[in-house]
Amino acid sequence: MLIVIEGCVGAGKSTIAKGLSDRRGSKLLLENFELNPFIRAFYRDPIQNATETEFGFLLVHFHQLKSQVDTASQSEVIADFHLGKDLIYADINLKNGRAKSLFKELYEVCLEGIPRPVLMIFLSATTNLLVERIWARRRDFELQVDPEYYAAVNAAYEKFFTEYSGQKLRVPMDEWDFIKEPALYERLASLIDEKLKTK
């Protein structure tokens, strides 16, 4: 079964996924954003490089998730991304109507070939906390971005999670500090087990 962890840039997805997979003995699947050759060009000029960046991410994520079909059918996989994130970013970044329409068609095709998540864990956070974390980790391409962009992405994630029809769980990251309180992983694991019992 596939459990996905989602949230805006800087929410702590990779950290939480690693911690949870360690405690639950699950297979870990981390988003490999470096596979997208257009990411740095996008951050330098989002308008000119949006199309190739968004299609590139969709195919990278699809390929990563497709590779877990057999594993997820036999054991638990925890991923720090969900294919739905590509819809979120495409909706914000793609200004060309035809490109956006083609993107949604390709998304539907990709959706058919990947494991369906049994649970989505949403790491909600204030934009202030997200920007603080983004600046702290100092990825060169992220530092070029106006914080207002992250605010827009964060709002889009909130909307996506609210409308998501599958089994879901919200974790308030402004209140839950997994670095200072590692015991929170046990608490989260228990909440996950409770959710999975009701699916």
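For Arg23, neighbours were defined as the other residues whose beta-carbon sits under 13 Å from its Cβ, and their charges (Lys and Arg +1, Asp and Glu -1) total -1.
Farthest toward the positive end of the dipole of the chain, out of Pro172, Pro46, Leu129, is the Cα of Pro172, where the dipole comes from beta carbon charges about the Cα centre. Close amide-amide hydrogen proximity is noted between Ser124 and Val171, Met173, each under 5 Å apart and 5 or more residues distant or on a separate chain (H modeled in the peptide plane; Pro and chain starts excluded).
Of all aspartates and glutamates in the structure, those lying under 17 Å Cα to Cα from Lys95, and not within fewer than 8 positions of it along the same chain, are Asp45, Glu52, Glu54, Asp86, Glu105. Using only the Cα atoms of segment 67-127, build the gyration tensor, take square roots of its eigenvalues as a ≥ b ≥ c, and label the shape rounded, prolate or oblate: rounded if a/c is under 1.5, else prolate if a/b is larger than b/c, else oblate. Since a/c reaches 1.5 but b/c is at least a/b, the shape of segment 67-127 is classed as oblate.
Set the Förster distance to 41 Å, then compute FRET efficiency between Arg170 and Glu112 from the Cβ-Cβ distance, nearest 0.05. For R0 = 41 Å, the calculated efficiency reads 0.90. In terms of accessible area, using a 1.4 Å probe and ignoring ligands and nucleic acids, Tyr157, Tyr164 rank largest first as Tyr164, Tyr157. Remark: segment 1-111 carries a charge dipole of roughly 140 debye about the Cα centre, counting +1 on each Lys and Arg Cβ and -1 on each Asp and Glu Cβ. Taken about its Cα centre, the chain carries a charge dipole of about 260 debye when Lys and Arg each add +1 at the Cβ and Asp and Glu each add -1 at the Cβ.
Based on the Stokes-Einstein relation at 4 °C and a viscosity of 1.567 mPa s, and on the Kirkwood radius from alpha carbon pairs, the chain is assigned a translational diffusion coefficient of 75 µm²/s.
In this Cβ point-charge picture (+1 for Lys and Arg, -1 for Asp and Glu), segment 62-133 has a dipole of about 300 debye about its Cα centre.
Rounded to the nearest 0.05, what FRET efficiency do Ala151 and Asp22 have when you use their Cβ-Cβ distance and R0 = 25 Å? Step by step, r from the Cβ atoms, then E = 0.20.
Farthest towards the positive end of the charge dipole of the chain, among the residues Ala72, Ile114, Val4, is the Cα of Ala72, using unit charges on the Cβ of Lys, Arg, Asp and Glu. Only lysines eight or more places from Lys13 in sequence, or on another chain, were considered; those with a Cα closer than 21 Å are Lys27, Lys66, Lys85, Lys159, Lys168, Lys180, Lys195. The residues of segment 28-157 present an accessible area of 50 Å² per residue when probed at 1.4 Å with all protein chains retained.
The values are calculated or read from the model by the stated rules, or taken from the named source; none is laboratory data. Here the structure is a predicted model, which is why all the values come from computation and not from measurement. Every residue, glycine among them, receives a Cβ derived from its backbone with ideal geometry; neighbour counts consider all protein chains shown. What goes into the accessible areas is simple: the full protein's heavy atoms, side chains included, and nothing from ligands, DNA or RNA. Shrake-Rupley method; radii C 1.70, N 1.55, O 1.52, S 1.80 Å.
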